[in-house]
Ligand code: GLC
């Protein structure tokens, strides 16, 4: 080798050696995250540590500029990436490059009963957050649907802990595959908006562990969520954002959560408790949107100067701030300082496709007498579309999940685009609810209409009379007192006199389809006068296209209800024994375990439409279930198989549900509980045999005396069906 080459080689060797020595551990991603955390921590001053644990702006907290550790940027929400917000105000920053894809609401995702779509949803929304350089997505929400009046149910995944658990895990994994943390919220027991900042929830440990925690637990243990958001309300008298029981004992102690606990905005209100009772990052304490206070008060936050002074005077050990900073640095090394994470994408056609697919699979066909649907363009020449929700923008409003969407196809536009020249489409308003929606400075189109209800109904009836087919599109909207954060609905009924209008339409045209756009159940006094009914959720940017494709049968509906539609409020446990909404700041979940269909089963109450219900344009028959063994030993599993056949003329998807009931137990249990489900695609005449494997865990209940999950020997029933009440076949077995 020539001399020059030797010299060059030696130089390179020396450089690489010194370079290696020079790279500090926290910057060296060949080291473990825990090593990098300790090294970074050792380099930070006390001031830098305290700055990191509280907001520096509306949605960000400080990094360490001196060390090149980036800031942490949070963004709402569960259905899409919120428009950029001002530094210390809720107002929109007025950017022109932050119009996002609006994905369907999470009730719609839950209604797909399709974990693969949850994964697609999480990946897609995570790509949008990543592209917008946010490293924490403030979602998904998984609070259990306890009352149909809760203003924020549209952001959550229904009444059943097993369904919510199965759907939240892939969503979290999808988001985090982008190097963005999912921040699962609102932990815990935030099941209403009335008094959400103050109510103290009293609930049994059994109901807590069996109903209200499982989805959070699945998100943490299976989903490996990197962040959790504390709720506003209290539990056991402590605010959930500084709660010994929920944050220290359960989240950290029982579930070994190693992520970061972020307060809801304004959820922290005491320095001492915030130091010791589990919160890592304080947000929103004094911002114009939530509480009075001067601008730029961030240094006055409970975990800001007051905490720093306690540390400096040694009244509090530095280890207390180190614990919080370690969790935040772990977030940083998993996200912003992970060099290998992808770069995301924003408002792309792929995301539009994902949004449409989720919307189409989530729409629920509740009723379809005389197979009125799908609409047959060979016979139908004139379609009347009636109702405000056919033209109303639904991506704006509803509180923190409100979006500045790149586009939103309204139901009317979707139907017009799809039906095109084949049939005439005539629109009538029918009723006037709200003229405009505005949130974060994002204004919807103005649909003001000053005509009287009488004029509106008269016009709608006339238009309906002259059409072959009438599609009424109504329901709720994202305004206060409907499906919106901060308030609950006052009752179960449809607002704006829609019931009278629907009845009037049913009188003049028997070919009436009612499409309900909502995130909650509604009363339907006209249910027997209307042949076809669809629950169509808040579907986001692709709303009109997805709805049209279901109405025309391009897509065969396959969604099923993630919550019960009660006939009346007192058919719901929270209202029958309640004691929703609580009084004097106390609320007692006296219905205990019996939320949703568990209440209906226990009290033999017939639902308007039951949990798990949803029809198809084809038919499915179930054969007889068989079980691998009539006896089950503790350490064994059982296999249950059931043949399902598509006996109709269209390809379709069926959600086969498996419930288990414990025949006899020392503590009262629900009649049956959802323990497995599978969504299958079947072509006409095709039959598949579904296989379910049951293990001991599927038989357990939480014994709050022993403080552990137990399964008691004895007989168990297995119910297999197309909904929680449409049971097609059963088997039983005995646990030895
Ligand atoms: C709101 C909501 C929470 C949201 C946060 C930031 O009050 O409760 O879900 O992420 O504040 O907007």
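Derivation of every value follows stated rules applied to the coordinates shown; laboratory data play no part. It should be emphasised that the depicted structure is a prediction, and the values quoted were computed from it without experimental measurement. A quick note on method: Cβ atoms are made from the backbone with ideal geometry, for glycine too, and the neighbour counts reach across all protein chains shown.
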| note | Helix 3-22: inclination vs the chain longest Cα principal axis, degrees, rounded to 10, gives 70
| said: Based only on other Cβ atoms within 10 Å, what is the fewest-to-most ordering of 198, 75, 379? | reply: 379, 198, 75
| To the nearest 10 degrees, how steeply does helix 318-334 sit against the main Cα axis of the chain, on a 0 to 90 scale? | 60
| field | Residues 392, 49, 645, 443 arranged by fewest to most Cβ contacts within 10 Å | value | 443, 645, 49, 392
| task | Any chance you could run the full-extension gain for residue 695 through residue 340? It's 0.36 nm times the residue separation minus the Cα-Cα distance, nm to one decimal. | result | 124.0 nm
| query | Counting DSSP beta bridges with both partners in the stretch 355-588, what percentage is antiparallel, nearest 5? | reply | 25
| message | Could you sort the peptides 52-59, 137-144 by per-residue average Cβ neighbour count (10 Å cutoff), highest mean leading? | response | 137-144, 52-59
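If we count other beta carbons within 10 Å of each Cβ, what is the order of 422, 560, fewest first? Each step should come with its number before you reach the end.
Working: 422 13, 560 29.
Starting with the residue having the fewest Cβ neighbours, the order is 422, 560.
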| What number, rounded to the nearest 500 deg cm²/dmol, is the helix-based mean residue ellipticity at 222 nm of the chain, given -39500 (n - 2.57) per DSSP H run of at least four residues and division by all its residues? | -7500 deg cm²/dmol
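Which FRET efficiency, nearest 0.05, do residue 641 and residue 205 yield, Cβ-Cβ r, R0 35 Å?
0.45
Rounded to the nearest 5, what is the percent of antiparallel bridges among the DSSP beta bridges in the chain? Walk me through the numbers before you get to the answer.
Details: 55 of 95 bridges.
Antiparallel: roughly 60 percent of the beta bridges in the chain.
Would you mind classifying the chain by shape? Square roots of the alpha carbon gyration tensor eigenvalues, ordered a ≥ b ≥ c; an a/c under 1.5 is rounded, otherwise it is prolate if a/b is larger than b/c and oblate if not.
prolate
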| field | Relative frequency of Cα-Cα separations exceeding 20 Å in the stretch 392-477, percent | value | 45
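Quickly rank 29-36, 716-723 as a protection proxy: mean count of other C-beta atoms within 10 Å, highest first. Display every interim value, and only then the final one.
Values: 29-36: 14.6, 716-723: 21.5.
Descending packing order for the listed peptides: 716-723, 29-36.
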| note | Length gained, residue 435-residue 583, 0.36 nm per residue minus C-alpha separation, equals 49.8 nm
| field | Packing-based order for 616-624, 276-284, using average beta carbon neighbours within 10 Å, highest first | value | 276-284, 616-624
